[in-house]
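Worksheet: the structure to be examined is printed underneath.
The values are calculated or read from the model by the stated rules, or taken from the named source; none is laboratory data. Since the model is a prediction, treat every value here as computed from it, not as a measurement. As a convention, Cβ positions derive from the backbone with ideal geometry for all residues, glycine included, and neighbour counts pool all protein chains shown.
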Number of protein chains: 2
Amino acid sequence: MEEGTSKSHSHREGTGRDYEACQWDTRSDCEVRQILDRVADKWSLLVIALLDERSLRFTELRRKVDGISQRMLTVTLRQLERDGLVERTVHAVVPPRVDYALTPLGMTLHDTIQALVTWTEENQGRIAAARAAYDTRRMREGESLPSP
Amino acid sequence: MEEGTSKSHSHREGTGRDYEACQWDTRSDCEVRQILDRVADKWSLLVIALLDERSLRFTELRRKVDGISQRMLTVTLRQLERDGLVERTVHAVVPPRVDYALTPLGMTLHDTIQALVTWTEENQGRIAAARAAYDTRRMREGESLPSP
DNA sequence: CGGTATCCGTTCTGATACTG
DNA sequence: CAGTATCAGAACGGATACCG
């Protein structure tokens, strides 16, 4: 496992900087930033969103998350398990069966993430329109600009 | 405006595929996934969270988002501008002054993202504890396992 | 079935230099 | 101040092979 380098040490040293308008710590070495980077991860987000109430098997998840490789699903699930968001249950049967379910903590995160997914669904039209408008604008500007 | 209808409930036609438990489209080539990947981006998330109500200048943002390079801030802001989430205002003065502010659409996203940041703040202790427990467990298992 | 280990190309990112 | 351009290195992520 080459990734997963976690150096979660953060001590507030140095002179007090200007964090006037922002009440939460935006420093890259702070814990909130570390967790935010994990939670805001492409695959983590999808897995959390998919694991609603009902537990899913490894292969079920792999089939539902279109485009994820076995490797990335494993890595993602390990991280979520480490963070206490997902629980991994191994059943000692043949063929092997492993279930993944949200922990209580994971369920609270699920609510927040679901809100993000819902927002995206509801606003995808507006974003697509904005992109089209932006691209059109840039194209026109490009036409009227001298080439280097 | 024109996008009032969500077409995320139209999977129940023809042969019933396995979208039973998931009501939104999880295919990698769908629009929701594309937007989600952008919105769930490390830097986008921070910039949106920081741009609350008050507009900020390029350098202000750069100073607030600890660890971001000039390049990535530019790239992130261009994407957010293209998606219609952030508005870029150039003031024709010297020295140059460029303000970045949330659009109305960006403000609605800000609410959702702020919820994610708040969740992270409130639960960072639990996650840190889960990580410590996980690492301790793995260390003990590693000690009692034969080395290859 | 549910992984782990390894290789290796692609993408991302930061440092640097330069411009209006 | 607010960028753009370029480039090398790091991280990401997929393909493959193999194991319990």
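For the reader, a short list of remarks on this structure follows.
- Top-ranked residue of segment B:87-104 - restricted to ones that are modelled with pLDDT of 95 or more and not in a strand (DSSP E or B), ranked as nearest to DNA strand C (Cβ to nearest atom): B:103
- The one condition in (1) in a helix (DSSP H, G or I); (2) at pLDDT 95 or above; (3) more than 16 Å from DNA strand D (Cβ to nearest atom) that residue A:84 fails to fulfil: (1)
- Subset of segment A:48-67 [basic (Lys, Arg) and over 16 Å from residue A:89 (Cα atoms)]: A:62, A:63, A:64
- Taking segment A:46-70 as the range and being in a helix (DSSP H, G or I) and β-branched (Val, Ile, Thr) as the test, the residues that pass are A:47, A:48, A:59.
- Within segment B:77-103, residues that are without any contact (Cβ under 8 Å) to a residue 40 or more places away in the chain sit with their Cβ atoms under 8 Å from residues that are within 12 Å of DNA strand D (Cβ to nearest atom) and of a type in the set (Lys, Arg), at 6+ positions apart or across chains, in these pairs: B:77/B:88; B:81/B:88; B:90/B:97; B:91/B:97.
- Taken over segment B:59-72, the criterion of being under 14 Å from residue A:28 (Cβ atoms) and either surrounded by fewer than 19 Cβ atoms within 10 Å (Cβ to Cβ) or not hydrophobic (A, V, I, L, M, F, W, C) (or both) is satisfied by B:62, B:63, B:64, B:66, B:67, B:69, B:72.
- Long-range neighbours under 7 Å by Cβ, at least six apart or interchain, first residue more than 7 Å from chain A (Cβ to nearest Cβ) within segment B:113-128, second in a helix (DSSP H, G or I): B:113/B:45; B:113/B:48; B:113/B:49; B:114/B:49
- Counting only residues that are within 16 Å of DNA strand D (Cβ to nearest atom) and away from chain A (no Cβ under 11 Å), segment B:88-112 holds 14 of them.
- Test: residue in segment A:139-147 that is surrounded by 15 or more Cβ atoms within 10 Å (Cβ to Cβ) and modelled with pLDDT under 95: no
- Applying the condition of being within 15 Å of DNA strand C (Cβ to nearest atom) and over 26 Å from residue A:31 (Cβ atoms) to segment B:39-58 and asking which residue is nearest to the other protein chains (Cβ to nearest Cβ) yields B:57.
- Qualifying residue in segment A:22-31 (condition: outside any loop (DSSP other than H, G, I, E, B) and either modelled with pLDDT of 80 or more or away from chain B (no Cβ under 11 Å) (or both)): yes
- Subset of segment A:44-58 [within 11 Å of DNA strand D (Cβ to nearest atom) and either closer than 24 Å to residue B:34 by Cβ or buried (at least 19 other Cβ atoms within 10 Å of the Cβ) (or both)]: A:44
Residue-by-condition table, conditions (1) in contact with a strand residue (DSSP E or B) (Cβ under 8 Å, 6 or more places away or on another chain); (2) within 18 Å of residue A:43 (Cα to Cα); (3) of a type in the set (Lys, Arg):
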position	(1), (2), (3)
A:73	no, yes, no
A:88	yes, yes, yes
A:102	yes, yes, no
A:114	no, yes, no
A:124	no, no, no
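- Flag for residue A:117 being over 18 Å from residue B:130 (Cβ atoms), within 14 Å of DNA strand D (Cβ to nearest atom) and buried (at least 19 other Cβ atoms within 10 Å of the Cβ): no
- Matching residues in segment A:66-81 - criterion: being near DNA strand D (Cβ under 10 Å from one of its atoms) and hydrophobic (A, V, I, L, M, F, W, C): A:68, A:72, A:73, A:75
- Meets criteria (among the hydroxyl-bearing types (Ser, Thr, Tyr) and within 13 Å of the chain's Cα centre (by Cα)) for residue B:112: yes
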